[in-house]
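Okay, structure first, notes after.
The values are calculated or read from the model by the stated rules, or taken from the named source; none is laboratory data. Bear in mind that the values here come from a model prediction, so they are computed numbers and not experimental data. Glycine gets a Cβ as well: all are built from the backbone with ideal geometry, and neighbour counts include every protein chain shown. The area values use the complete protein model at the heavy-atom level, side chains included, leaving out ligands, DNA and RNA. Shrake-Rupley method; radii C 1.70, N 1.55, O 1.52, S 1.80 Å.
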Amino acid sequence: YAMLVIRNDSILYEFYNYKIADTTLLPSFSVAKSYVSTMIAMALEEGKIKSLNDPISNYLPELLKRDSRFSNITIQHVLDMRSGIKSSENYFNPMSDVLRLGFGKNVNGKSLRISIEKEPNQFFEYKSINTQLLGMIVERSTGMKLQDYFVEKIQKPLQFEHPSTWIYDDAKHKTLRAFCCMNLTARDYAKFGRLILNKGNWQGKQLVNEKWVETILSLENRKATDG
């Protein structure tokens, strides 16, 4: 629907299809995962999160009531999608866990009813539930709604041209589907790309720790194998 070619911070080519324009909010689906993980990095830099080696149960103590083994799963495990949490990531089965999260109500309530399938850090398994948990950890650690923290730490500093939207679960809970469903204009998506390209620096201000950006872009981190 939209395409930008940017070089040296200048737009060389900009294309929009049919009724799409530079003001149109475009859905990103799982691109939102990159924003949520970046907010984890920001909360860590602020000292809101003490360490990525913290058990997720430090921030989501409800999980311990289900299984004491949640104390063995760290934030880093969840970031790496090596948590061992049981959740089906099947986009063709309407009864799969990921589609229940994507279309059901009370998404955080569902997320707190998860179970453990295997010990953490054994295998990489792409599961959206991990990012939903990260969104909850951002909220618990900062004391802010995920959408408000996003606006404060990313949208305002990057000077988005248009306000973003983010789809929530239902009118009662108004909880963001953190693993997907963010809507920005093409130019504002590009601003986040520029932030990462410049190693977390935006117009002279370091918004994201440079080492964090180097880590997520490192080829060495992509060499992790499934055992």
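Largest GNM mean-square fluctuation among Ala178, Ala32, Ala21, using the chain with Cα springs under 10 Å: Ala21. Normalised by the number of residues in the chain, the average gap of Cα pairs under 8 Å and 6 or more apart makes the relative contact order 25 percent. The H on the amide N of Trp202, modeled in the peptide plane, is under 5 Å from the matching H of Leu207, each at least 5 residues off or on a different chain. If you plug the beta carbon distance of Ile196 and Asp148 into 1/(1 + (r/R0)^6) with R0 = 30 Å, you get a FRET efficiency near 0.85. The Cα center of region 75-120 and the Cα center of region 15-45 differ in position by 21 Å. Computed in the context of the full set of protein chains, the accessible area of region 107-227 at 1.4 Å probe radius has 52% of its extent on carbon or sulfur.
Placing +1 on the Cβ of every Lys and Arg and -1 on the Cβ of every Asp and Glu, with nothing else charged, gives the chain a dipole about its Cα centre of roughly 360 debye. Excluding Ser141 itself, calculate the net charge of residues whose Cβ lies under 11 Å from the Cβ of Ser141, where each Lys or Arg counts +1 and each Asp or Glu counts -1. After counting each charged neighbour, the total is 0.
Of all accessible surface on region 18-90 at a 1.4 Å probe, what whole percent is carbon and sulfur? Can you show the working numbers first?
Details: 1710 of 3500 Å².
Ligands and nucleic acids excluded, carbon and sulfur reach 49 percent.
Put one equal scatterer on each alpha carbon of region 88-227, apply the Debye formula with no solvent term, and list log10 I(q)/I(0) at q = 0.17 1/Å to two decimals. Debye curve over Cα of region 88-227, log10 I(q)/I(0) at q = 0.17 Å⁻¹: -1.18. Here's the picture: charge each Lys and Arg Cβ at +1 and each Asp and Glu Cβ at -1 in the chain, and of His162, Phe15, Thr215 the one pushed furthest to the positive end of that dipole is His162.
Based on protein heavy atoms only, the chain ends up with 54 Å² per residue of surface accessible to a 1.4 Å probe.
Between Lys118 and His173, what is the spin-label point distance in nm, taking each point 7 Å from the Cα along the Cα→C-beta axis? If labels sit at Lys118 and His173, their model points lie 2.8 nm apart. Sorted from longest to shortest, the spans of the Cα atoms of region 62-115 along the three principal axes equal 31, 22, 14 Å.
Here the gap between Tyr18 and Glu214, fully extended at 0.36 nm per residue and compared with their Cα-Cα distance, gives a gain of 66.8 nm. For the chain, modelled as a GNM whose springs connect Cα atoms under 10 angstrom apart, the maximal fluctuation among Leu158, Leu63, Leu217 occurs at Leu217.
Dividing the summed -39500 (n - 2.57) terms of all DSSP H runs of n ≥ 4 by the residue count of the chain sets its mean residue ellipticity at 222 nm at -9000 deg cm²/dmol.
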